[in-house]
Amino acid sequence: MSHPSESAHGAAAHADDHDSAHPSHGSLRGYLTGFTLAAILTIIPFWLVMDHVIASTQATIIIVLGLAVVQIVVHMIYFLHLDTRSENGWNMLAFIFTIVLVVIVLGASIWVMYNENANMMPMSPQYMHHKQGS
Amino acid sequence: MNTIAIDPAHAEPREFLCREEGHAHNGTLLGFWLYLMSDCFIFAALFACNAVLGNSYAGGPSAHDVFDLHGLAVNTALLLVSSVTFGFAMLEMARERKRAMLGWLAVSGVLAAVFVGLEIHEFASMIAEGAGPGRSAFLSSFFTLVGTHGLHVTVGVLWLIVLMVQLGKHGLTEANRRRLMCLSMFWHFLDLVWVGVFSYVYLVGVLR
C-alpha cells in the first residue's frame, strides 16, 4: 500500500496482498452492479405502493419488507464489501452478533406491544365507538 | 558473569508460543466497524419505537396524509447515487488519482447536502401544517428516527468537507487514507439505514 508502484499492478494484486488487513476498495464493476440491483430493488416497492398494484395490503407490506432485506444484503456485499475474510472475520462476527440483537429488539418490541395493545389498552376510536353503540 | 549472554547456544532468538494471529495491522477500521454496529442499535431502538407507535395518530394526521412519496423517491435516489459516487472516489484513491478522487467526493457531498436540504424542507412544511413532532406519538417517533438519520448525514457532510481540506493540504497520506476508508463505511452505512427508513417508515407506513 505504501509503494506507489504497487498501484500500477491494479486492484487485484493489491487485494491479494492486503485482504486480511484492509477492506478491499471494490471495483467499478462491483459498484455498478450494486447500483443497478439497488435501483431495481428501490423502484419495485415504490411502484407497488404508489400504483396499488396488489390488492392485498398485507401481501404488499410483506413484499416491500422482503425487498428491503434483499437490498440491505446487496448494500452489504457491493458497497460495504462485507465478507468472512475482512479483519480476519471479526467484521462478520460483529455483524452477526448485531443482527441477532437487532432481531431480538425489533421482534420482541413488536410482539410485546402488539399483545399489550390488543389485551390491555382498549382506547382505539373504533372500540370507543363500539362501546358507545352497545 | 556474562558467559550466558555471550554463549552462542543462547544467542538465538527465544521462541514464544504465540501462534495465533496478532493485532490487525490497522485496528482503526475494525474499531470503526464496531462503532457502526453500535449505531445499528440506536437505529434499531428508534425503528422499534416507530413500529410500536406508528398507528398512534391521536386523532391527528396519518402517515397517508403527511408523506409525499414523490419527494421520498427523489431523496432515495440522491442518497443511492451519492453512495455510488463515494465508491468511485475510493477507486480513484486506490489508483492514486487525487484530483479525480476529490471531484467524486465533492459530487457525493453535494448530493448528500441536497438530501439534507430536502429533508429540512419536508420537516418544515410538516410542522407548518400542524403535523409537528408534538402532535402525536406517531409523529414523535417519525421525527426522532428520520431526524437522527438526517443528523448522521449532516455530520457525514461536515466530516467530508474537513477531510477534503486535509486531502488538499497533505495529499494521500496513510492517515488520510485511513480516515477516508472510515468515512466511506459511514457513508454506505447511512444509505443502508435509509433503505430501512424509506421501506418501513414511509412505504409500509402509508399502507398500514
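The values are calculated or read from the model by the stated rules, or taken from the named source; none is laboratory data. Remember, it's a predicted structure, so these values are computed and weren't measured experimentally. Cβ sites come from the backbone with ideal geometry, for glycine too, and all protein chains shown count toward neighbours.
From the list B:137, B:113, B:100, B:128, which one is touching a residue at least 12 places away in the same chain (Cβ under 8 Å), more than 10 Å from chain A (Cβ to nearest Cβ) and over 29 Å from residue A:44 (Cα atoms)?
Among B:137, B:113, B:100, B:128, only B:137 is touching a residue at least 12 places away in the same chain (Cβ under 8 Å), more than 10 Å from chain A (Cβ to nearest Cβ) and over 29 Å from residue A:44 (Cα atoms).
Under 8 Å by Cβ, and 6 or more places apart or on different chains, what pairs join a residue from region B:57-69 that is touching a residue at least 40 places away in the same chain (Cβ under 8 Å) with one that is of a type in the set (A, V, I, L, M) and assigned to a loop (DSSP other than H, G, I, E, B)?
Listed by first residue and then by second, the contacts come to B:60/B:131; B:61/B:131; B:65/B:131; B:66/B:131.
Give the residue that is farthest from the other protein chains (Cβ to nearest Cβ), with candidates limited to residues of region A:49-102 that are surrounded by 13 or more Cβ atoms within 10 Å (Cβ to Cβ) and of a type in the set (Asp, Glu).
Selected residue: A:83.
Tell me, yes or no, whether region B:46-56 has at least one residue that is touching a residue at least 40 places away in the same chain (Cβ under 8 Å), more than 24 Å from residue A:45 (Cα to Cα) and over 14 Å from the mean Cα position of the chain (by Cα).
Yes, region B:46-56 has at least one match.
Look at residue A:116 and say whether it is at the interface with chain B (Cβ under 7 Å from one of its Cβ atoms) and charged (D, E, K, R).
So residue A:116 fails the test.
Report, by residue number, each residue of region B:33-74 that is within 30 Å of residue A:93 (Cα to Cα), more than 9 Å from chain A (Cβ to nearest Cβ) and surrounded by fewer than 19 Cβ atoms within 10 Å (Cβ to Cβ).
Answer for region B:33-74, where residues must be within 30 Å of residue A:93 (Cα to Cα), more than 9 Å from chain A (Cβ to nearest Cβ) and surrounded by fewer than 19 Cβ atoms within 10 Å (Cβ to Cβ): B:35, B:39, B:42.
Go through (1) closer than 25 Å to residue B:27 by Cα; (2) touching a Leu at 6+ places or on another chain (Cβ under 9 Å) and name the single condition residue B:126 misses.
Failed condition: (1).
Could you please give the count of residues in region A:36-48 that are facing another protein chain (nearest Cβ under 7 Å) and touching a residue at least 24 places away in the same chain (Cβ under 8 Å)?
Residues flagged as facing another protein chain (nearest Cβ under 7 Å) and touching a residue at least 24 places away in the same chain (Cβ under 8 Å) within region A:36-48 amount to 2.
Which helices (runs of 4 or more DSSP H) sit wholly inside region B:57-141 and have at least 3 residues that are closer than 30 Å to residue B:162 by Cβ and of a type outside the set (A, V, I, L, M)?
The qualifying helices (runs of 4 or more DSSP H) are B:69-94, B:98-128.
Do we find that residue B:106 is touching a residue at least 24 places away in the same chain (Cβ under 8 Å), within 8 Å of chain A (Cβ to nearest Cβ) and touching a helix residue (DSSP H, G or I) at 6+ places or on another chain (Cβ under 9 Å) in this structure?
no
Which pairs have Cβ atoms under 8 Å, sit 6 or more apart or on different chains, and link a residue in region B:181-208 that is facing another protein chain (nearest Cβ under 9 Å) and free of Cβ contacts under 8 Å to residues at least 60 places away in the same chain to one that is aromatic (Phe, Trp, Tyr) and part of a loop (DSSP other than H, G, I, E, B)?
Taking only residues 6 or more apart or on different chains, the pairs are B:192/A:79.
Exactly one of these conditions fails for residue B:144: (1) more than 14 Å from chain A (Cβ to nearest Cβ); (2) outside any helix (DSSP H, G or I); (3) surrounded by fewer than 18 Cβ atoms within 10 Å (Cβ to Cβ). Give me its number.
(2)
Within region A:86-123, track down each residue that is touching a residue at least 40 places away in the same chain (Cβ under 8 Å) and farther than 23 Å from residue B:83 by Cα.
Hit for region A:86-123 is A:88, nothing else.
Out of B:89, B:94, B:112, report the one residue that is closer than 29 Å to residue A:77 by Cα, at pLDDT below 95 and crowded, with 16+ Cβ neighbours inside 10 Å.
So the residue among B:89, B:94, B:112 that is closer than 29 Å to residue A:77 by Cα, at pLDDT below 95 and crowded, with 16+ Cβ neighbours inside 10 Å is B:94.
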